[in-house]
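Beneath this line is the structure, given in structure tokens, with notes to follow.
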Number of protein chains: 2
Amino acid sequence: MQLKDLIIKTRSYRRFDESHAISYHEMENLIDLARLSASAANRQPLKYLLYNKPEECEMIIPSIAWAAYLKEWHGPVRGERPAGYIIILGDKSITESFSVDHGIAAQSIMLGATEIGLGGCMIASIKREELRKTLSIPDRFEILLILALGKPVENIIIDPVKDNDIKYWRDEKLNHHVPKRSLDELIIKF
Amino acid sequence: MQLKDLIIKTRSYRRFDESHAISYHEMENLIDLARLSASAANRQPLKYLLYNKPEECEMIIPSIAWAAYLKEWHGPVRGERPAGYIIILGDKSITESFSVDHGIAAQSIMLGATEIGLGGCMIASIKREELRKTLSIPDRFEILLILALGKPVENIIIDPVKDNDIKYWRDEKLNHHVPKRSLDELIIKF
């Protein structure tokens with residue numbers, strides 16, 4: 001697949017076919033993509049926790065804040081929840097500064113997920129102390145991002161931004177609309 | 001190309017065939033990949049400056065700190081310098097917090113560069129105030145990353161990490177070696 005098509009298909013999905021399991025091997029292959037991606041000063045301070053068992057997923061979901069702009073929606077219902085999670089940690093014994101390593105890694109992972117028919121959402125809005133307790137994450141590790149993964153069941157439509165309003169929204173057919181700024185707005189000159 | 005092959009080819013290149021020009025259109029297409037990538041709360045606060053003229057590139061290069069681990073090497077010599085730069089700015093009129101948006105965007109751009117036969121390096125080690133003056137960048141914009149681009153002329157070899165030493169190095173044939181941690185080291189459990 002051309003990269004542009006892969007990127008267009010890599011949307012932030014929040015509703016999944018929960019019955020579609022994700023194998024540990026698939027997740028390992030996704031981490032390998034992150035492993036081979038750039039890292040600031042090549043320090044490679046990121047570590048990964050992988051969860052794909054229903055009881056594990058059940059433990060993680062309460063620590064996630066879903067879709068801030070959808071006030072009426074409190075996260076995926078049973079049957080539509082993620083079938084796997086990758087938690088990206090920063091290992092403070094390597095560095096205290098993770099730069100944008102987790103952004104780079106997350107993008108590689110999400111593109112890789114799309115390639116194998118999965119999708120998901122990068123989540124930074126995390127109840128970190130709650131999650132740390134639930135998963136017994138030692139203080140040495142900073143909780144950077146959660147990647148929720150699954151087989152998407154929602155249709156996402158990219159719209160142009162109107163009136164500078166970038167809030168995503170759902171229409172009556174539950175299509176999820178994401179307004180994207182134009183190239184003209186993003187490329188600037190002085 | 002499979003994503004894994006694309007990611008393996010997307011190394012941090014610092015030596016280029018400077019005579020190989022990059023068109024403005026190619027750069028616009030790369031920004032479009034970033035535009036279509038994820039952004040925290042969909043705020044899309046990143047803006048992009050594009051430079052592909054030799055005299056522009058000449059102005060930018062003094063503000064870059066190259067390859068911290070190569071003490072003997074002070075950056076690419078004439079003839080091997082980048083033929084283009086993308087500077088990623090954070091627009092503080094949109095948000096003061098850019099999260100890892102620029103990591104996500106940079107990875108999309110660098111993968112796109114590889115796809116069209118280019119390569120480059122994400123650079124965060126920037127003399128920011130010097131660059132701000134040189135390019136007349138208003139205070140409203142935070143300078144986040146420079147992406148140096150060109151047609152790579154160096155051979156990069158991924159090695160396993162030995163003795164926890166992650167410093168990249170060059171051998172006598174000028175092959176650039178990058179030690180990468182193993183998957184076993186990155187995937188952890190508690």
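Tabulated results
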| quantity | calculated |
| --- | --- |
| At least 10 Å² accessible surface lost relative to isolated chain, residues of the stretch B:98-117 (1.4 Å probe) | B:SER99, B:VAL100, B:HIS102, B:GLY103, B:ILE104, B:GLN107, B:SER108, B:LEU111, B:GLU115 |
| Teacher prompt: A:ASP139 distances to equivalent labels in other copies, 7 Å Cα→Cβ, nm | 3.9 |
| A from B by rotation - nearest chain B beta carbon to the axis, in Å | B:GLY103, 1 |
| Cubic angstrom per residue, convex hull over Cα atoms of the stretch A:1-97 | 158 |
| Buried on assembly, the stretch A:142-190 (at least 50 Å² less accessible surface than by itself, 1.4 Å probe) | A:LYS180, A:ARG181, A:LEU183, A:LEU186, A:ILE187, A:ILE188, A:PHE190 |
| Kyte-Doolittle at least -0.5, axis length at least 15 Å by Cα - qualifying DSSP helices, chain A | A:101-115 |
| Within the accessible area of the protein assembly as shown (1.4 Å probe), percent carbon and sulfur | 50 |
| Accessible area that becomes buried as B packs against A, both chains, 1.4 Å probe, Å², nearest 100 | 5400 |
| Exercise: per-residue mean of other protein chain Cβ atoms within 10 Å, B:6-14 | 3 |
| Most fluctuating residue given options A:VAL153, A:VAL178, A:VAL77, as computed from a GNM of chain A linking Cα atoms under 10 Å | A:VAL77 |
| Sorted peptide list for A:19-25, B:121-127, criterion being average Cβ within 10 angstrom, highest first | B:121-127, A:19-25 |
| For residues of B:83-90, the mean tally of beta carbons on other chains within 10 Å | 1 |
| Accessible area expressed per residue, chain B, with surrounding protein chains retained (probe 1.4 Å, Å²) | 44 |
| Solvent-accessible surface (1.4 angstrom probe) belonging to B:ASP163, in square angstrom, nearest 10 | 150 |
| Nm distances between copies for B:PRO160, ranked from closest, using label points 7 Å along Cα→Cβ | 5.5 |
| Label distances, nm, B:ASP171 versus same residue in remaining copies, Cβ-directed 7 Å point | 5.8 |
| Set of lysines with alpha-carbon distance to A:LYS133 below 27 Å, sequence-local pairs under 8 removed | A:LYS47, A:LYS53, A:LYS92, B:LYS189 |
| Residue-averaged [θ]222 nm for chain B, counting only DSSP H segments that reach four residues, each worth -39500 (n - 2.57) | -8000 deg cm²/dmol |
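The values are calculated or read from the model by the stated rules, or taken from the named source; none is laboratory data. Please read all numbers here as calculations on a predicted model, not as lab measurements. Note: ideal-geometry Cβ built from the backbone for every residue, glycine included; neighbour counts use all protein chains shown. Side chains are part of the model used for accessible areas, which takes the heavy atoms of the whole protein and leaves out ligands, DNA and RNA. Shrake-Rupley method; radii C 1.70, N 1.55, O 1.52, S 1.80 Å.
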